[in-house]
1. Report the gain in length on full extension from LYS132 to MET1: 0.36 nm times residue separation, minus Cα-Cα distance, nm rounded to one decimal.
2. Using a 10 Å cut-off around each Cβ, can you sort MET1, MET127 from fewest to most neighbouring Cβ atoms?
3. By counting other Cβ atoms within 10 Å of each Cβ, how are LYS132, LYS99 ranked from fewest to most?
4. Enumerate the aspartates and glutamates that LYS89 could reach by cross-link, defined here as Cα to Cα under 17 Å, with residues fewer than 8 away along the same chain left out.
5. Within straight cross-link reach of LYS149, meaning Cα distance under 12 Å, which aspartates and glutamates are found once same-chain residues fewer than 8 apart are removed?
6. Amide H of LYS160: which non-local residues (sequence gap of 5 or more, or other chain) have their own amide H closer than 5 Å, using H built in the peptide plane?
7. On a full-extension model of 0.36 nm per residue, what is the gain between TRP29 and GLU103, subtracting their alpha-carbon distance, rounded to one decimal in nm?
8. What nm value, rounded to one decimal, do you get for the distance between TRP40 and LYS89 when each label is placed 7 Å out toward the C-beta?
Amino acid sequence: MKILLFIICAIPSWILTLSAYVLAPAIAWFVDADGNLPWWLRYYQTPDAPCWGADFWKRDNPNYTQYELIVSWLWRNPAQGFDQSVRAKVTNNSPVAVKGNLEIKDTPPSIGGCFLITCCGYFQLSMIWTTKYITFVSHWGWNLEPIAKGYTHQTLGALKATPLRFYIGEK
C-alpha cells in the first residue's frame, strides 16, 4: 500500500486543514457570486459544491446568513481542494478489495463500524463510532468508496486524511 505517499500528502493536508479553521472567516469574504474562491484560494474550496455548501446545507441551517453558511461549510469541509489535487490515480473501473461494512455512515441515522478498501496500491480506511449524541469519524487514505459501491462521484480518489471529526446531535 502507498502508506509513505499518504504520509507525504497528509502532512500538508493537515496544515491546510488547520489553517482553514483559522482563516475561514476571512476566506469567506473572497467568495464570488457563483460561490467560488479565486484560484489562489481554491485549495480551501470543496470541488463538488459552491462555498456556501451543497443543497442540504442551507436546508439544514435555515437561520444562517450567507456568510455563516460559507464559514460553516469551509469548517465542515476544510481544504478539500488540496485533497482533490493529490487524488489517487484510479478510475471507476479499477479493481477493489473490501473488508468490513460498507454500509457505515455518519449522517443521521448514523451507523457505526469500519471498512478497508484497497485499489491499485491505494487504500481507504474509514471508521465511525456512534453514541446517543455524538458521532465520531476517522478517514485515512484516499476516497475509494465510489468504486466499491459502484457510483460515480467528482471526489473519487481524493485524499482522506481526517484523524478525527465529530458531529453533535441525536443519533
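Just so you know, all these numbers are worked out from the coordinates, no wet-lab data involved. Being a predicted model, the structure only gives us computed values, none of them experimental. For neighbour counting, all protein chains shown are included, and Cβ atoms are generated from backbone atoms with ideal geometry for every residue, glycine included.
1. On the way: separation 131, 0.36 × 131 = 47.16 nm, distance 3.52 nm.
Additional length available on full extension: 43.6 nm.
2. Details: MET1 12, MET127 17.
In order of increasing Cβ crowding within 10 Å: MET1, MET127.
3. On the way: LYS132 8, LYS99 11.
The fewest-first ordering by Cβ neighbours comes to LYS132, LYS99.
4. Of all the aspartates and glutamates, those that pass the test against LYS89 - Cα under 17 Å, at least 8 places apart if same chain - are GLU145.
5. Cross-link targets: GLU103.
6. Close amide H contacts, sequence-distant or interchain: GLY141, TRP142, ASN143.
7. Numbers: separation 74, 0.36 × 74 = 26.64 nm, distance 3.79 nm.
Stretched out fully, the TRP29 to GLU103 stretch lengthens by 22.9 nm.
8. Placing both labels 7 Å along Cα→Cβ, they lie 3.2 nm apart.
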